[in-house]
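Below you'll find the structure, written out as structure tokens, and then a few comments.
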Amino acid sequence: QVQLVESGGGLVQPGGSLRLSCAASGSINNLYVMGWYRQALAKQREMVATITSGGDTKMADSVKGRFTISRDSAKNTVYLQMNSLKPEDAAVYLCYLLTRGVGYWGQGTQVTVSP
């Protein structure tokens with residue numbers, strides 16, 4: 001069983017920054033993909049950023065240059081540094097882990113961007 005624990009969401013003004021963390025525990029293969037998706041109200045879930053166990057990253061076009069994904073392999077933790085936040089970035093951000101052919105989701109953390 002795998003568990004994902006997210007932290008770091010909150011309320012921030014436009015132009016501000018937040019850092020999300022997701023710690024994974026349980027049976028995790030050395031080969032995996034971890035990342036962040038987001039879902040805004042009445043919108044489809046979308047990929048924000050992913051990182052593989054080899055360090056390859058993928059970013060959504062809408063966040064390139066503003067968000068950075070990184071990982072601490074020793075801690076099985078992935079981070080999402082979000083800078084220059086915009087109102088349209090507001091959503092529930094969900095951590096995702098794909099390992100051993102199975103996908104897992106975190107419970108989500110709310111990010112609100114408002115003056």
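The values are calculated or read from the model by the stated rules, or taken from the named source; none is laboratory data. These numbers were taken from a predicted model, which means no experiment stands behind them. Cβ atoms come from the backbone with ideal geometry, glycine included; neighbour counts cover every protein chain shown. Note: accessible area is taken over every heavy atom of the protein model, side chains too, but ligands, DNA and RNA are not part of it. Shrake-Rupley method; radii C 1.70, N 1.55, O 1.52, S 1.80 Å.
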Considering only protein heavy atoms and a 1.4 Å probe, what is the carbon-and-sulfur percentage of the accessible area of the chain? 48 percent
Residues of type lysines that Lys75 reaches as a straight line, Cα spacing below 26 Å, ignoring anything fewer than 8 places off in the same chain: Lys58, Lys64
Under 8 Å for C-alpha pairs, at least 6 residues apart: give me the relative contact order for region 52-111, rounded to a whole percent. 22 percent
Can you give the net charge of the other residues whose Cβ lies under 14 Å from the Cβ of Ser21, counting K and R as +1 and D and E as -1? +1
With a 10 Å cut-off between alpha carbons and a GNM built on the chain, which of Val102, Val12, Val48 moves the most? Val102
Contour minus Cα-Cα span, Thr52 to Val5, at 0.36 nm per residue, comes to 15.1 nm
Does region 1-51 come out rounded, prolate or oblate, given a ≥ b ≥ c as the square roots of the eigenvalues of its C-alpha gyration tensor, rounded meaning a/c under 1.5 and, failing that, prolate meaning a/b above b/c? prolate
Could you provide, to the nearest whole Å², the per residue accessible area of the chain with probe 1.4 Å? 53 Å²
What length, rounded to one decimal in nm, is gained on full extension from Ser114 through to Ser84, with 0.36 nm per residue of separation minus their alpha-carbon distance? 9.6 nm
